[in-house]
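First the structure, in the form of structure tokens, and then the observations on it.
FYI, it's all coordinate maths here, none of it is from the lab. Given the structure is predicted, the values throughout are model-derived calculations rather than measurements. Every residue, glycine as well, gets a Cβ built from its backbone with ideal geometry; the counts of neighbours run over all protein chains shown.
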Amino acid sequence: MSSTVLVINSGSSSIKYQLLDPADGTSLASGLVERIGESEGHLEHRAGGETVERNDPVPDHGEGLRTVLELFDTVGPQLSDAGIVAVGHRVVMGGKQYDGPTLIDEDVIATIDRLSPLAPLHNPPNLAGIKVARELLPDVPHVAVFDTAFFRRLPAAAGNYALNKEVAERYQVYRYGAHGTSHQYVSGQVAKLVGGGDDLRQIVLHLGNGASVSAVVGDRAVETSMGMTPLEGLVMGTRTGDMDPAIIFHLARVAGMDVDEIDTLVNKRSGLKGLTGENDLRMVHRMADDGSADARLALDVYAHRIRKYIGSYAAVMGGLDALSFTAGGGENDAVMRAKVAKGLQFLGIEVDEERNAVRSKEARVISPDGARVTVLVVPTNEELTIARQAVSLL
Ligand code: ADP
């Protein structure tokens, strides 16, 4: 019997899970519980080519996870026969404390809880999932895999803001980054594909609903666009990414908005959605094709921001050997990839039109043969990375 890991990603109103074999990446079952706490919940469990759906209310994370375990029992695969050796939990904020996967005990739980003010929307639901899963599956080790861990060793010049030192120290205001599991996995895949060593300089573009970019030398992240929170950096589905922080004071003074309103504005009502009404790149392209000037501007701002980061990260690393695109937009949006690369030949970045147009679930090179920078599309796999990191501790 093979060994498997149950990976749990517990968000504010959802739980995503996958049972997989960390050795070869086979997924034995996956699913999600959505709209936890709302009047109607939604649950989807996929196993053996079958999908079971339910729309019953799910009052809390405990009930959600209990229902998931019931579905494993009734639909399969049987967890008691699945050879589960660990449960891997995605945790967003590991602060300065964690630079790798961590076996969960009471101390770790207390630390994740203590770090909650730095990630108020993420750590509390992550923790809720951990607590319930430990109760329901008490006989296997539970491992926390932190989104910030890959960036824990950012060089000090990249990890600090030029904020008053005492204030930064007292309130732990540092650049922690996020999406680290994806950046680590994708940069590792790129290194394998291009045969890179300790001096391989690469940029990874994670373009999902949340979006971030990292600079990686060898296997070490040296820069990343998300900061103390995921708000910093690229234009995202609903987040502004970088902007002058004084805009916040301006809105407070002139528009009379309070902190929570501004928080919602910049995190949930901005980005592509704020510019066009749609947060999904696919819809924004469609609007642009139909002649929307707002949508065209949004795509321009989106690509411009990415290009700025590519230039600055190439400068940070003193050159560039590989550039990869990942996550929903990065893996599927050939038009955006071409738009990003356009005019970057001076850095050695070129995209071959035919290769870029190929649709595939496999990692692939899209630059022409002999190009100075290898440009790639690499599907991310955060669940597999979490599973592998969890078993690495056993
Ligand atoms: P999440 O950040 O929610 O995990 P994903 O990595 O699944 O996101 O990416 C979702 C996003 O990917 C969508 O919001 C959409 O913008 C983008 N996307 C997915 N497919 C395409 C496509 N064919 N063309 C352009 N964008 C796409």
Check: Considering 173, 140, which residue is touching a strand residue (DSSP E or B) at 6+ places or on another chain (Cβ under 6 Å), within 22 Å of residue 91 (Cα to Cα), surrounded by fewer than 18 Cβ atoms within 10 Å (Cβ to Cβ) and of a type outside the set (Ser, Thr, Tyr)?
Finding: 140
Next item on the list: Among the numbered conditions (1) over 21 Å from residue 295 (Cα atoms); (2) surrounded by fewer than 23 Cβ atoms within 10 Å (Cβ to Cβ), tell me where residue 209 comes up short.
Entry: (1)
Notebook entry, point to check: Among the residues of segment 361-394, how many are under 21 Å from the mean Cα position of the chain (by Cα) and either in a loop (DSSP other than H, G, I, E, B) or within 21 Å of residue 207 (Cα to Cα) (or both)?
Noted result: 16
Note to self: Please go through segment 142-182 and give me each residue that is farther than 22 Å from residue 316 by Cβ, of a type outside the set (S, T, N, Q) and touching a helix residue (DSSP H, G or I) at 6+ places or on another chain (Cβ under 8 Å), ordered by number.
What the structure shows: 142, 143, 144, 145, 146
Checklist line | Top-ranked residue of segment 160-196 - restricted to ones that are of a type in the set (Gly, Ala, Ser) and assigned to a helix (DSSP H, G or I), ranked as nearest to residue 381 (Cα to Cα) | finding: 182
Checklist line | One residue from 58, 68, 33, 87 being over 21 Å from the mean Cα position of the chain (by Cα) and not in a loop (DSSP other than H, G, I, E, B) | finding: 68
Notebook entry, point to check: Hey, residue 284 hits all of (1) in contact (Cβ under 8 Å) with a residue 24 or more places away in the chain; (2) under 28 Å from residue 367 (Cα atoms); (3) β-branched (Val, Ile, Thr) but one; which does it fall short on?
Noted result: (1)
Checklist line | All positions within segment 236-260 that are in a helix (DSSP H, G or I) and loosely packed, with under 14 Cβ neighbours inside 10 Å | finding: 246, 247, 249, 250, 253, 254, 259, 260
Checklist line | segment 31-63: number of residues that are in contact (Cβ under 8 Å) with a residue 60 or more places away in the chain and among the small types (Gly, Ala, Ser) | finding: 1
Check: On the given criteria, is residue 354 of a type outside the set (A, V, I, L, M, F, W, C), surrounded by 17 or more Cβ atoms within 10 Å (Cβ to Cβ), away from the ligand (no atom under 16 Å from the Cβ) and over 25 Å from the mean Cα position of the chain (by Cα)?
Finding: no
Check: Among the listed residues 303, 295, which satisfies the condition of being within 28 Å of residue 219 (Cα to Cα) and either basic (Lys, Arg) or in a helix (DSSP H, G or I) (or both)?
Finding: 303
Next item on the list: Considering only residues that are closer than 22 Å to residue 220 by Cβ and within 16 Å of the ligand (Cβ to nearest atom), look in segment 313-336 and name the one that is farthest from the chain's Cα centre (by Cα).
Entry: 324
Next item on the list: Among the numbered conditions (1) surrounded by fewer than 16 Cβ atoms within 10 Å (Cβ to Cβ); (2) among the polar types (S, T, N, Q); (3) not in a loop (DSSP other than H, G, I, E, B), tell me where residue 39 comes up short.
Entry: (3)
Check: Which pairs have Cβ atoms under 8 Å, sit 6 or more apart or on different chains, and link a residue in segment 203-214 that is within 8 Å of the ligand (Cβ to nearest atom) to one that is small (Gly, Ala, Ser) and part of a strand (DSSP E or B)?
Finding: 206/212; 206/214
